[in-house]
């Protein structure tokens, strides 16, 4: 009975969404959009691209135009990492690792130590080229976290240096805000690009955008690594 | 009206997405539902690449099908271990 | 077509949230809903003859790009998604510590 009611409500919602979007005149047909009547026309304008200096326009929006939004978003991630740490007991020196179901053998241990380096280099490449190619701080930081996850999986006794992660995260977050405040000092508004934009497509271009994206990458990487560590270490029994 | 290659591929991806979501919601074992969710994320990456969003595709590939699945599996593992004690 | 698939995924997520009594299943439904929403938001910015919004040396003027703004929004939303999922799983684990079950009905019996 409950399932049928749930199915009815869900179907009603789906039909309602499709009908509402179908009859709305302002909702565009799929694949047939008019960019000139949208905000993005300004982002894709040739002069504005030269002013910002970032070849990847998504990066220009995330870090440049909407940098304050990204600051808030990184804060949300920090608060959720804090919440995970709080729920799992928050005892700082808990040593009991979660047992994996299998015994890692020699090949797995050595192989994952070699692959760890490759993943780390790839993630750093993605982070540093965030303003030139697809990628950037968010996927690069998540890649750092998955490299740490590989080390956890390949060794039963492994614990990363959690205090170092916390320190790195704090430093990266503070530097983000400090760079924003420097924009207020050297230019007119918070997070303004006060460094020269340079030529589009070079590694040293786009002013503060690559610097901030590197900081975001370090912050996201250390936060998600902290979450993984919390999940893999048993808290004191409550 | 002719079907272009994009239409064919996107229809295929859409049908697969719906089928895998249905399997994820209706599987009896929790671990199977988690793995179907991982497959759903991987197919979403293909959809993002089709719609010319490489940044989002990279992010979803790393996070959606890697880290989130790992977190789910760790939760289930730690719980199983306590039950067997 | 892919927009309809996105809406159907969203509806599946709502259905799962309403009918499942297992906490892990509810979090999975939430994730399915999230995925549908991401596909839908990206599909709003898609254009058939657009290219990915990255300037290369070959690109002059007169090229059509897809809308980069929805992509920027989804990029941040995915990272928020992993944060919320991790928090939800942590709470589910601590619930299991107390009641020894993931099922809401069995929890009610113990109360």
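Just so it is clear, none of the values below were taken in a lab; they were calculated from the coordinates. Remember, it's a predicted structure, so these values are computed and weren't measured experimentally. For neighbour counting, all protein chains shown are included, and Cβ atoms are generated from backbone atoms with ideal geometry for every residue, glycine included.
At-a-glance table
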item	result
Within 10 Å of each Cβ in A:131-138, the average number of Cβ atoms from other chains	5
Chain C: angle of helix C:68-99 to the longest principal axis, Cα-based, in degrees nearest 10	10
Gyration tensor verdict on the protein assembly as shown (Cα atoms; rounded if a/c is under 1.5, prolate if a/b is larger than b/c, oblate otherwise)	oblate
Residue-averaged beta-carbon neighbours from other chains (10 angstrom radius) around A:22-33	4
Between the range A:160-238 and the range B:5-72, the Cα center-to-center distance that results, in Å	29
GNM top mover of A:22, A:50, A:155 - chain A, alpha-carbon springs below 10 Å	A:22
Theoretical ellipticity at 222 nm over chain C - DSSP helices of four or more residues, -39500 (n - 2.57) apiece, nearest 500	-24500 deg cm²/dmol
The range A:127-186 shape via C-alpha gyration tensor axes, a/c threshold 1.5	oblate
Dmax and Rg, reported as Rg then Dmax, of the range B:5-84 (C-alpha, Å)	14.8, 52
log10 of Debye I(q)/I(0), alpha-carbon scatterers only, for chain A at 0.08, 0.10, 0.15 Å⁻¹	-0.46, -0.69, -1.04
Helix-only [θ]222 nm of chain B, DSSP H runs n ≥ 4, -39500 (n - 2.57) each, per residue, nearest 500	-27500 deg cm²/dmol
Rg to Rh, two decimals, where chain C supplies the alpha carbon set and Rh follows Kirkwood	1.19
Ascending count of other beta-carbon atoms within 10 Å, so fewest first, for B:22, A:27, B:72	A:27, B:22, B:72
Sites residue A:11 and residue B:15, calculated FRET efficiency, Cβ-Cβ separation with R0 30 Å, nearest 0.05	0.95
